[in-house]
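J.: Input: one structure, supplied below.
The values are calculated or read from the model by the stated rules, or taken from the named source; none is laboratory data. The structure displayed is predicted, hence computed values, not measured ones. FYI the Cβ positions are ideal-geometry reconstructions off the backbone, even for glycines, and counts take in every protein chain you see.
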Amino acid sequence: MFKLREESYGGSEEEAAFMLSDQIIPSLERLSEIESDNRVMGGFIEGQRSGAFIFSVKDYEELDKTLASLPIMNVYDVDVAPLQTISSALDRDRNIVGEVKKAAGL
C-alpha cells in the first residue's frame, strides 16, 4: 500500500507543480513500463492520496530495487506484505486438516 506522507502534501502551487512534474509523473511513467511487462498491477485509489499495487518479483531484493527506482519513494510511505497464492493456501489448509484428522484418529 502506498500512502502519501502528510508532510509531503505541499502548501504552495509551486510545490505541488514540482511534486507532480519531478516525482509523480516520472513514477507513473515507470510504473506504466513495469505494468506493460506484466510485473505490476494495481493503481491509485480515486480521490485519495494512496494506492495499492501487486508486484510480481522473484524476491524482496528485486522489489526493493523496483521501489527505489520510483521518485515518489521520497514522498510516499509503503507497506509491503507478501501474498500467498490461493493454491498454496489451499494445499496448506488441506495438509492441516489431514494432520488434525490423523492426530484425532479419524
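J.: In region 35-53, what residues are of a type in the set (Val, Ile, Thr) and at pLDDT below 95?
T.: Residue satisfying the conditions is Ile45 alone.
J.: For region 53-74, which residues satisfy the criterion of being exposed (fewer than 10 other Cβ atoms within 10 Å of the Cβ) and in contact with a Phe, Trp or Tyr (Cβ under 8 Å, 6 or more places away or on another chain)?
T.: Result: no residue meets the conditions.
J.: Among the residues of region 36-47, which ones are exposed (fewer than 15 other Cβ atoms within 10 Å of the Cβ) and either small (Gly, Ala, Ser) or under 13 Å from the mean Cα position of the chain (by Cα) (or both)?
T.: Ser36, Met41, Gly42, Gly43, Ile45, Gly47, listed by residue number.
J.: What are the residue pairs meeting all of these: first residue in region 79-106, first residue more than 30 Å from Leu4 (Cβ to Cβ), second residue at pLDDT below 95, Cβ atoms under 8 Å, and 6 or more apart or on different chains?
T.: Final answer for the pair search is Arg92/Gln84.
J.: Would you check if Glu15 is closer than 14 Å to Leu4 by Cβ and charged (D, E, K, R)?
T.: So Glu15 fits the description; yes.
Rundown of residues vs (1) within 13 Å of the chain's Cα centre (by Cα); (2) exposed (fewer than 12 other Cβ atoms within 10 Å of the Cβ), yes/no style:
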site	(1), (2)
Arg30	no, no
Tyr76	yes, no
Asn95	no, yes
Leu106	no, yes
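J.: Now a separate question. Being without any contact (Cβ under 8 Å) to a residue 40 or more places away in the chain, of a type in the set (S, T, N, Q), under 20 Å from Ser27 (Cα atoms) and surrounded by 11 or more Cβ atoms within 10 Å (Cβ to Cβ): is that true of Ser50 here?
T.: No; evaluated as a whole, the condition is false for this residue.
J.: For Ala81, which of the numbered conditions (1) within 12 Å of the chain's Cα centre (by Cα); (2) exposed (fewer than 12 other Cβ atoms within 10 Å of the Cβ); (3) in a helix (DSSP H, G or I) fails to hold?
T.: Unmet condition: (3).
J.: Another question about this same structure. Out of all the residues in region 1-23, which are in a loop (DSSP other than H, G, I, E, B) and either of a type in the set (A, V, I, L, M, F, W, C) or within 22 Å of Ala81 (Cα to Cα) (or both)?
T.: Met1, Arg5
J.: A further question on this structure: Looking only at region 1-22, which residues are within 14 Å of Asp77 (Cα to Cα) and either surrounded by 10 or more Cβ atoms within 10 Å (Cβ to Cβ) or in contact with a Leu (Cβ under 7 Å, 6 or more places away or on another chain) (or both)?
T.: Met1, Phe2, Lys3, Leu4, Arg5, Ser8, Tyr9
J.: Got a number for residues in region 24-76 being charged (D, E, K, R), outside any helix (DSSP H, G or I) and closer than 27 Å to Gly11 by Cβ?
T.: Residues flagged as charged (D, E, K, R), outside any helix (DSSP H, G or I) and closer than 27 Å to Gly11 by Cβ within region 24-76 amount to 2.
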